[in-house]
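Visitor: The structure's right below; bear with me while I get my questions together.
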Amino acid sequence: MIFGQQPSPSKVFKELQGIHLVHSSKGDTFEEDGPGTLQCAGRGSQLRSAPVYVKGTQLLPAPQDQPIWKTAWESRPPWFRLLDCEHNGDRNLLETVVNVVTSLPFVVVGLQTPRKKPAARMYGNSLIGVGMASCFYHVSRGEARKLFRFGDYAMIATAAVCLTSALRDDTPRALMLASAMFIPVQPMLVTVLHTGLMEATFLRRAQTEPKLKRAHSLHTLSSVVGSALFVADDLYPNTPYIHAAWHLAAALGVATCTKLLE
């Protein structure tokens, strides 16, 4: 280097790895462009983390390297992503208490479920888990709330899979294995699939077993009301007690399903 001559800032920065230079219309000196910029003056310099401008060149921070598996996971299709576990309920203590109280019927139904077969016992225990997971979710706050919300969905999917196993001995093992694998990544998809299988079984048996017709009619009514409340809870999140009403409709629908196990 020859004294009296200063190298071009762009040449200096080009020698640095991980630096991207983008031309800008900024001035010839370091300029402050909001919080987090680098600022140089005649009496000192100040280094921060945001982009800076050097003699018409913008200095951008280089993207951090990340493992290939993480890149592939973040680019997975939307249908393979986890559910949005946000919920706007429980805005006050009273609403939380109501949601917890209306979650307890799932525990009661689980305790009263016929347990003649191991699969039926698993289904009854899973219903108890549904009620408890719902209670834990509604009393949780902060970051833990997201975890308990996912646990709530996962327990509902688990109960649906257990009910299929209890109702049908001829269920393909491949379907049950695939369902168990999908619960951690897309529990709603698993719930919809096995609920459809249950509805088909309920309808078929109600047509051949007269004692199930009344239970099936009540189940159909509770399913329609519960579906409407589930959609309304999503469309009108600020309306109180819709979620609690859905709890009651869903618990009634689950209670009628236990008639299939008697």
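Visitor: In the list Ser223, Ser227, Ser217, which residue meets the criterion of being among the polar types (S, T, N, Q) and surrounded by 15 or more Cβ atoms within 10 Å (Cβ to Cβ)?
Guide: Only one candidate passes the filter, namely Ser223.
Visitor: Continuing with this model, one more query. Which residue pairs have Cβ atoms under 7 Å apart, sit 6 or more places apart or on different chains, and have a first residue in the stretch 217-236 that is outside any helix (DSSP H, G or I) and a second that is not charged (D, E, K, R)?
Guide: Pairs that qualify, where the first residue is outside any helix (DSSP H, G or I) and the partner is not charged (D, E, K, R), are Tyr236/Ile242.
Visitor: Can you name the residue in the stretch 93-116 that is assigned to a loop (DSSP other than H, G, I, E, B) and at pLDDT 90 or above and, of all such residues, is surrounded by the fewest Cβ atoms within 10 Å (Cβ to Cβ)?
Guide: If we take residues in the stretch 93-116 being assigned to a loop (DSSP other than H, G, I, E, B) and at pLDDT 90 or above, then Pro114 is surrounded by the fewest Cβ atoms within 10 Å (Cβ to Cβ).
This table checks each residue for (1) farther than 17 Å from Pro105 by Cα; (2) at pLDDT below 90; (3) in the same structural domain as Gly131 (by TED's automatic domain parsing); (4) of a type in the set (A, V, I, L, M).
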position	(1), (2), (3), (4)
Gln186	yes, yes, yes, no
Glu199	yes, no, yes, no
Leu218	no, no, yes, yes
Pro240	yes, yes, yes, no
Gly253	no, no, yes, no
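Visitor: Taking Ser126 as the residue in question, decide whether it is touching a Phe, Trp or Tyr at 6+ places or on another chain (Cβ under 9 Å), surrounded by 19 or more Cβ atoms within 10 Å (Cβ to Cβ) and farther than 15 Å from Leu260 by Cα.
Guide: So Ser126 fails the test.
Visitor: Just to check your reading of the model, which residue among Leu248, Leu177 is assigned to a helix (DSSP H, G or I), assigned by TED's automatic domain parsing to the domain that holds Ala160, over 19 Å from the mean Cα position of the chain (by Cα) and at pLDDT below 95?
Guide: Leu177
The values are calculated or read from the model by the stated rules, or taken from the named source; none is laboratory data. Only a predicted model underlies this, so the values are computations on that prediction, with no experimental measurement involved. Cβ atoms come from the backbone with ideal geometry, glycine included; neighbour counts cover every protein chain shown.
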